[in-house]
Amino acid sequence: MEVMSRPDRDTLARIVRLLAPLLSTESSRRAFVTGALGRVAVVDYIDWSGSTNDFTTELTTLLVERDAEVAPGVPPLAALLEACRDAVGTDRQAEIDELIALIRAPGPGTPAEPDFPDAPRPVAPVPELRERYLMLMAAEWNRLRLVGMDPQAADPYSRRAVTLAQVYVDLDTTTPRHHGPEMQRGETEPRPLSALEALCAVPEGRMVLLGRPGSGKSTFARHLALVLAGAEPRRDLTRSLPGWDGWRGLPVLVSLGPLVQALPLHGEPGAATVEAHIRADVDRREDLRGFGAALLQELRDDGDLVLFDGLDEVAETQRAAVKQAVSRFADLYRKCRVLVTCRTHSYRADPGSHLDWPAVHELAPFGSA
């Protein structure tokens, strides 16, 4: 198991100050700690008695001393801090992220890829795996599923195979542009923002894209990922992506339906839930085995594009948990641009699935322009 960085005295004092208000009684301590840590063995060593400050100090010390993980790459202190997010208010979120990063930092002499000690050995050098990833995923995202319309058209080996790049059309949202010089002569009302322009215009880099069934939400996400994956380093992307701001990044497309399988049995879902799912999805491919950890490291260091497709495909009873995992992943991977797609009715009818992001756009019906 990899050695995590040992928090210094000041860091531990900050953690104690954050956790203490949640641990004032024995019942609240048991509920909070076991909810966050589940059945990790270290829980058996906890003495639940004592004053609030003494208990919290002893708890943090115990969790540092015991060599344990709640999930791969997730030490118990990090799990406790994740669990206290909802109770401390938005003004403390940045401090929580900073403390988690300090806890999860590698200890002295620890090799690269610190957060994923169980990652399989890469089958090739990381730069080569990166090129394989872009090539393989571009081919996968370019395929269209047209079996119901034409089985031969859906066969990638058929001469009649139809690709996404061949049939994709730009999609507009229902959000109007602001009046300005971009209006065409004779227009009395501003034209709507395209889905791509809406994403580029979000300063926080976080957006929810809604749409009716068949409106093109998934198609938009796949096409955006496809173009970025196939782009040459110096190629001008504005021709393929009208309205694009020139930003480049490694694209990652996550279908949210299967993410349910990664939800923890105990404790609250967090960024580690999404990390584990992305790693597993990449490493299951023989030609990419071992690239999952390197991909996540690049996402965190450089800030790439992560597309979460199909929140409506998650069962309503699990949607809030998946939403929470995605939200916390976005909080941790602050440099990334993040897009979530969902059917309009499913999103608006279920307040528990609403992401706390100001940018929410809806695709316009086809032919409405």
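The figures follow:
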quantity	calculated
Complete set of residues in the range 328-343 that are farther than 24 Å from D301 by Cα and out of contact with any Lys or Arg (no Cβ under 6 Å at 6 or more places or on another chain)	C342, R343
Condition check for L311: in contact with a helix residue (DSSP H, G or I) (Cβ under 6 Å, 6 or more places away or on another chain), closer than 22 Å to L171 by Cβ and among the aliphatic types (A, V, I, L, M)	yes
Check on A124, part of a loop (DSSP other than H, G, I, E, B), modelled with pLDDT of 85 or more and open to solvent by less than 70 Å² (accessible area, probe 1.4 Å)	yes
Test for L305: is it more than 23 Å from Q261 (Cβ to Cβ), open to solvent by less than 10 Å² (accessible area, probe 1.4 Å) and modelled with pLDDT of 90 or more	yes
Residues being closer than 19 Å to I96 by Cα and either surrounded by fewer than 19 Cβ atoms within 10 Å (Cβ to Cβ) or touching a Lys or Arg at 6+ places or on another chain (Cβ under 7 Å) (or both) - total across the range 23-52	3
Given (1) part of a helix (DSSP H, G or I); (2) more than 14 Å from L210 (Cβ to Cβ); (3) not hydrophobic (A, V, I, L, M, F, W, C), index of the condition H345 fails	(2)
Matching residues, the range 107-121, being surrounded by fewer than 16 Cβ atoms within 10 Å (Cβ to Cβ) and at pLDDT below 60	G107, P108, G109, T110, P111, A112
Residue among L250, L288, L355, L296 that is aliphatic (A, V, I, L, M), at pLDDT 90 or above, more than 22 Å from L81 (Cβ to Cβ) and open to solvent by less than 40 Å² (accessible area, probe 1.4 Å)	L288
Subset tally (residues that are touching a residue at least 24 places away in the same chain (Cβ under 8 Å) and of a type in the set (A, V, I, L, M, F, W, C)) for the range 30-53	7
Leading residue by the ranking (modelled with the lowest pLDDT) among those in the range 61-78 that are surrounded by fewer than 19 Cβ atoms within 10 Å (Cβ to Cβ) and within 18 Å of R9 (Cβ to Cβ)	E65
Among (1) touching a Phe, Trp or Tyr at 6+ places or on another chain (Cβ under 7 Å); (2) over 26 Å from E98 (Cβ atoms), the one test that D350 misses	(1)
One residue from D331, D312, D281 being acidic (D, E), open to solvent by less than 60 Å² (accessible area, probe 1.4 Å), part of a helix (DSSP H, G or I) and within 22 Å of G214 (Cα to Cα)	D312
So A272, is it open to solvent by 20 Å² or more (accessible area, probe 1.4 Å), modelled with pLDDT under 90 and in a helix (DSSP H, G or I)	yes
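The values are calculated or read from the model by the stated rules, or taken from the named source; none is laboratory data. What you see is a predicted model; the values in this text were computed from it and never measured. Using ideal geometry, Cβ is built from the backbone for each residue, glycine included, and neighbour counts are taken over all protein chains shown. Calculation scope for accessible area: heavy atoms of the full protein, side chains included, ligands and nucleic acids excluded. Shrake-Rupley method; radii C 1.70, N 1.55, O 1.52, S 1.80 Å.
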